[in-house]
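To start, the structure under review is shown below, and the notes come after it.
The values are calculated or read from the model by the stated rules, or taken from the named source; none is laboratory data. Everything numeric in this text was worked out from a predicted model, so none of it was measured. Quick reminder, even Gly has a Cβ in these numbers, built from the backbone with ideal geometry, and neighbours come from all protein chains shown. These accessible areas exclude ligands, DNA and RNA; they are computed on the full protein's heavy atoms, side chains included. Shrake-Rupley method; radii C 1.70, N 1.55, O 1.52, S 1.80 Å.
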Amino acid sequence: MQVILKVIVNALLDSTERYQFHVNEFEVTDTLQKTLQLHTATPSTEHVMEIRYEPQAVFRVRTVTRCSATVPGHTEALINASFSHDGTQLASGSGDTIVRFWDLTTESPLHVCKGHRQWVLVTSWHPSGKYLASACKKGDVCVWDPKCGKQKCKALSGHKKYVGTLAWQPIHCAQENGGVLLASGSKDTTIKVWEVTRGQCVVTLSSHTQGVTAIRWSGDDLIYSASQDRTIKVWRPKDGVLCRTLQGHAHW
């Protein structure tokens, strides 16, 4: 019915817009008869029925017709990329073991960061934009200063296998003199929480029986970790307590 009403209105108005139709303040979602039966006490063919129409907003998606810029730099496969929170920079990690920063305003290279010895598998921006963390196939985590491209601290080493996921503590959860905290999840089945300004491991969370595939740091200061063991575990990072194990998935 909406299609028929739309055709009538467009023919009268000589337009091609989309419309929403209402009868007695109720939207017409099916036929007029069903709408009247549902929302009118005594529908009658003797009464004049007023149908109100309202134009709807249409979001037209335009196809990408051209590449705005191609910026070369990496010499091996590009494995990951992540935007800064203000959208002015892009960080990329590659099989060439290098992390690169790109200026999106000028679409040009910004910093070349060398510190990893294996493929860079993941990059993650701190919510404040003051830090970028990257992790590699060797299990090392590096923290960079996006302004100058220098390392904020020594490489964070401790995982025995590759690190595939990172998560920063939300800013509003940070405690006074508690430092800047970063969590890393590894194929070695553990999650490590690092204080990046000192370059120290604060706590190691271990209960998974297979590799950790994803971690998220929630707004209530809990860490959620997902693993190939088909479980999700909830941790309290300040003391390393396992709060809950969520089970139910049949595959990882």
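At 1.4 Å probe size, with no ligands or nucleic acids counted, give the accessible surface of residue 96 in Å², nearest ten.
20 Å²
Counting pairs of alpha carbon atoms under 8 Å apart in space and at least six apart in sequence, what relative contact order in percent does the chain give?
Worked out over the chain, it gives 8 percent.
Treating only the Cβ of Lys, Arg, Asp and Glu as charged (+1, +1, -1, -1), what charge dipole size does the chain show about its Cα centre? Round to the nearest 20 debye.
Result for the chain is approximately 1520 debye, rounded to the nearest 20.
Any idea how far apart residue 85 and residue 200 come out in nm if each label point goes 7 Å out from Cα toward Cβ?
It works out to 2.6 nm between the two label points.
In nm, what is the difference between 0.36 nm times the number of residues separating residue 4 and residue 25 and their Cα-Cα distance?
Result: 5.6 nm gained on full extension.
Sequence gap at least 6, Cα distance under 8 Å: using those rules, report the relative contact order of the range 128-234 to the nearest whole percent.
Contact order relative to length: 20 percent.
In square angstrom, what is the accessible area per residue of the range 2-160 with a 1.4 angstrom probe?
66 Å²
Ranked highest first by the average count of other Cβ atoms within 10 Å around their residues, in what order do 16-26, 109-119, 123-133 fall? Provide the component values of the computation, followed by the final result.
On the way: 16-26: 13.5, 109-119: 16.5, 123-133: 18.8.
Answer by packing, highest mean first, reads 123-133, 109-119, 16-26.
How much of the accessible area of the chain, probe 1.4 Å, is carbon plus sulfur, in whole percent?
51 percent
Would you mind giving the three semi-axes, in whole Å and largest first, of the ellipsoid equivalent to the range 107-168 according to its Cα gyration tensor?
19, 13, 11
Enumerate the calculated ³J(HN,Hα) couplings along the range 241-249 in order (Karplus 6.51 cos²θ - 1.76 cosθ + 1.60, θ = phi - 60°), each rounded to whole Hz, writing x wherever the residue is Gly or Pro.
Values per residue, Gly and Pro as x: 6, 7, 7, 6, 10, 9, 10, x, 6 Hz.
What is the dipole size for the range 137-241, taken about its Cα centre, with +1 at each Lys and Arg Cβ and -1 at each Asp and Glu Cβ, in debye to the nearest 20? Display every interim value, and only then the final one.
Details: 16 positive and 9 negative charges, 92 e Å.
Result for the range 137-241 is approximately 440 debye, rounded to the nearest 20.
With a point put 7 Å past each Cα toward its Cβ, work out how far residue 157 is from residue 78 in nm, to one decimal.
3.1 nm
Hey, if we sort 150, 160, 192 by accessible area with the 1.4 Å probe, largest down, what's the order?
Details: 150 135, 160 180, 192 30 Å².
So the residues, ranked largest to smallest area, are 160, 150, 192.
Can you tell me the orientation of helix 2-13 relative to the chain, as the angle in degrees between its alpha-carbon axis and the longest Cα principal axis, to the nearest 10?
For helix 2-13, the angle is close to 70 degrees.
Kindly state, to the nearest 0.05, the FRET efficiency for residue 252 paired with residue 221, given R0 = 22 Å and r defined as their beta-carbon distance.
0.25
From the square roots a ≥ b ≥ c of the eigenvalues of the alpha-carbon gyration tensor of the range 91-216, which class results: rounded (a/c under 1.5), prolate (a/b over b/c), or oblate?
Oblate shape, in that a/c is at least 1.5 and b/c is the bigger or equal ratio.
Subtract the Cα-Cα distance of residue 150 and residue 64 from 0.36 nm times their separation in residues, and report this length gain in nm to one decimal.
Contour length minus the Cα-Cα distance gives 27.4 nm.
Scan the range 52-111 for chymotrypsin sites (Phe, Trp or Tyr not before Pro) in coil per DSSP, keeping those whose Cβ has at most 13 other Cβ atoms within 10 Å, and list them by number.
59
Taking R0 as 51 Å, what's the FRET efficiency between residue 15 and residue 112 from their Cβ-Cβ distance, rounded to 0.05?
It comes to 0.40.
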